[in-house]
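Step one of this worksheet: look at the structure below.
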Amino acid sequence: TAFLTYEMMYNRIKNMLENAKATNDSKTKLHISKPVLAKLQGRRQGWTNFGELCREIGRDPNHLSKFVQAELGVDASIYQDRLIMQEQYRIDKVQSIVKKYVKTYVRC
């Protein structure tokens, strides 16, 4: 059997912990684009980067759409990678819903 000194064991554990931390850091950092909203005809509003955001978080657009509809109490539909909402909302309201969705369904 090999004889391990205290320093060798310490360095081995230190390296293991650093590797584990690096792995965990890469998992916890999630960069998400801010929603881009555009006014449409009447009271409708389009979320123009909706499809892009869904790809970034790796989730089905229909699932996020249903979540947004339930949170806002609004009818919405997906058209050409955009979410078309029947009402207008402030950007901070939509961002808070995205954060809630990510916290609930993306980060475990």
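Can you give me the number of residues within the stretch 30-50 that are at pLDDT 95 or above and within 17 Å of Y105 (Cα to Cα)?
The number of residues fulfilling the criteria is 1.
If you go through the stretch 39-64, how many residues are under 15 Å from V102 (Cα atoms), small (G, A, S) and without any contact (Cβ under 8 Å) to a residue 24 or more places away in the chain?
0
Find the residue count for the stretch 65-76, including only residues that are touching a residue at least 24 places away in the same chain (Cβ under 8 Å) and either open to solvent by 70 Å² or more (accessible area, probe 1.4 Å) or closer than 15 Å to L37 by Cβ (or both).
Final tally of qualifying residues: 3.
Just to be sure I understand, how many residues within the stretch 77-90 are in contact with a strand residue (DSSP E or B) (Cβ under 6 Å, 6 or more places away or on another chain) and either open to solvent by less than 30 Å² (accessible area, probe 1.4 Å) or of a type outside the set (K, R) (or both)?
5
The values are calculated or read from the model by the stated rules, or taken from the named source; none is laboratory data. Small disclaimer: the values here were computed from a predicted structure and weren't measured. In this analysis, Cβ positions are derived from the backbone assuming ideal geometry, glycine residues included, and neighbour counts consider all displayed protein chains. These area figures cover heavy atoms from the full protein model, side chains too; ligands, DNA and RNA do not enter into them. Shrake-Rupley method; radii C 1.70, N 1.55, O 1.52, S 1.80 Å.
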